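Structure first, then comments.
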Amino acid sequence: MIKVAVLGYGTVGSGVVEVIETNREFIERRTPEGIGVKYILDLRDFPGDPFESKVVHDFNVILNDDEVAVVCETMGGVGPAYQFTKQALERGKSVCTSNKELVAKHGPELLEIARSHRCNYLFEASVGGGIPIIRPLNSSLTAERVEEITGILNGTTNYILTKMAAEGADFGEVLKEAQEKGYAERNPEADVEGHDACRKIAILASLMTGKYVDSEKVFTEGITKITSADFAYAEAAGYSVKLLGRAKVLGDETLAMVAPFLIPGEHPLATVRDVFNAVYVTGNMLGDSMYYGRGAGKLPTASAVVSDVVDCARHQGKVITCLWDKEEARLADVDESSRAFFVRAKVCARERVAAAFPGGRMFEAPGREEDFGYFTAEMKEREFREKYEALGGDVLGRIRLV
Ligand code: HSE
């Protein structure tokens, strides 16, 4: 039996134990040796929990036990999680994680340590929760040159945007309701400011290029400035508003960014609602493909972690190929990228807006009397921003078009 240690008995960690127990029979069909939890590392005790006897407080117990072949790191953060992961890999224990922050920051280094100790560092659960996307990129689309990845990568913000669209409510109202229902964190900054999606697109962009895309250098804009008025125009014009993580190969550079976008209603990503995530991948032979499912939550995320444990069990002593080098990818300057924009402005500014963005079109939405919409022609970010800022208080908001 493959003995597993789970680091962190929180939402995902307890889910990992539950998935292994609930699906024992199915897992054993796929990895006949079977998988069993030997230790659970946590600072707390869990009196009355069925796995109470497996709880340890000292990581060295796990590290020094040669029977432990796989460690599931479900602690989060880049402090002890980083140290424990490194130590485990250096002892030849494979590590499976849901920790996107750690993967985005130290992925290439941890992969290299794993390779040199003939074990694996797997991170299916770090992007898109339970959706298989890392394995498809590493193992299925191996005949492809992946050219573009666009994803709805954060469940909290997709839930908020879906509610705003359905109820015509403003961001603050929906966020408060989502927090009350436990869908949004008490401190929602990482989600609503786009940092969580940024780490995930940085991981996907790294796998697309085989190089290191530093999440701290990825242009990131959240959803806090989107208003119910924007939704009124989006709906009237046949668009959805989605927070997208985007990565695109442009020659020897990679364009990577996170921002709210207007996407046409008929685009498959427009139909992704509530807490669901989806990743839209374009390859040069396959064309478009989409991976869709629950991007967060205890059991979906844990299922992805356990699928990695099964992979480790099947590849003991062998390294599963993952092309992700330490060399930094060259990121394209977002300011130099081109796209069309939607602008919302005060009625009194019609002429000024049309003059600032020649070649665009006015757009009226029913029932809107104090503002109007305007779709610009395709233009560079930098040029758009300069002209938009020069319009001062006359402009009320803007959203990029896909
Ligand atoms: N806060 C994240 C989300 C959790 O809302 O998608 C999963 O990474």
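Going through region 241-275 one residue at a time, which ones are open to solvent by 40 Å² or more (accessible area, probe 1.4 Å), within 16 Å of the ligand (Cβ to nearest atom) and more than 13 Å from the chain's Cα centre (by Cα)?
Of everything in region 241-275, those that are open to solvent by 40 Å² or more (accessible area, probe 1.4 Å), within 16 Å of the ligand (Cβ to nearest atom) and more than 13 Å from the chain's Cα centre (by Cα) turn out to be ARG273, ASP274.
Scan region 156-168 for residues that are open to solvent by 10 Å² or more (accessible area, probe 1.4 Å) and of a type outside the set (Lys, Arg) and report the count. Let's see the steps before the verdict.
Applying the first criterion (open to solvent by 10 Å² or more (accessible area, probe 1.4 Å)) to region 156-168 yields 156, 159, 162-163, 165-168.
Narrowing further to those that are of a type outside the set (Lys, Arg): 156, 159, 162, 165-168.
Matching residues across region 156-168 total 7.
Say we look at region 194-224 and pick out the residues that are open to solvent by 20 Å² or more (accessible area, probe 1.4 Å) and charged (D, E, K, R); which of these is farthest from ALA166 (Cα to Cα)?
LYS211
Restricting to region 225-234, name every residue that is within 26 Å of the chain's Cα centre (by Cα) and either surrounded by 22 or more Cβ atoms within 10 Å (Cβ to Cβ) or closer than 15 Å to ARG400 by Cα (or both). I'd like the intermediate steps shown before the answer.
Keep residues of region 225-234 that are within 26 Å of the chain's Cα centre (by Cα), which gives 225-228, 230-231, 234.
Matches in region 225-234: LYS225, ILE226, THR227, ASP230, PHE231, ALA234.
Out of all the residues in region 286-300, is one or more surrounded by fewer than 20 Cβ atoms within 10 Å (Cβ to Cβ) and polar (S, T, N, Q)?
yes
Answer with yes or no whether LEU111 is part of a helix (DSSP H, G or I), within 20 Å of the chain's Cα centre (by Cα) and modelled with pLDDT of 95 or more.
Numbers: part of a helix (DSSP H, G or I): yes; within 20 Å of the chain's Cα centre (by Cα): yes; modelled with pLDDT of 95 or more: yes.
So LEU111 passes the test.
Spot the failing condition for LEU153; the list is (1) in contact with a Phe, Trp or Tyr (Cβ under 9 Å, 6 or more places away or on another chain); (2) near the ligand (Cβ under 10 Å from one of its atoms); (3) of a type in the set (A, V, I, L, M), and only one is missed.
Just one mismatch for LEU153, condition (1).
Could we say that GLY287 is without any contact (Cβ under 8 Å) to a residue 60 or more places away in the chain and farther than 23 Å from GLY222 by Cα here? Before the answer, list the steps.
On the way: without any contact (Cβ under 8 Å) to a residue 60 or more places away in the chain: yes; farther than 23 Å from GLY222 by Cα: yes.
When the stated conditions are applied, GLY287 passes them.
Out of region 115-149, which residues are open to solvent by less than 10 Å² (accessible area, probe 1.4 Å) and in a loop (DSSP other than H, G, I, E, B)?
CYS119, ASN120, PHE123, VAL127, GLY128, GLY129, ILE131, ILE133
Going residue by residue through region 177-198, is there one that turns out to be touching a helix residue (DSSP H, G or I) at 6+ places or on another chain (Cβ under 9 Å) and more than 16 Å from the ligand (Cβ to nearest atom)?
no
The values are calculated or read from the model by the stated rules, or taken from the named source; none is laboratory data. All values reported here derive from a predicted model rather than from experimental measurement. As a convention, Cβ positions derive from the backbone with ideal geometry for all residues, glycine included, and neighbour counts pool all protein chains shown. Note: areas computed on protein heavy atoms with side chains; ligands, DNA, RNA excluded. Shrake-Rupley method; radii C 1.70, N 1.55, O 1.52, S 1.80 Å.
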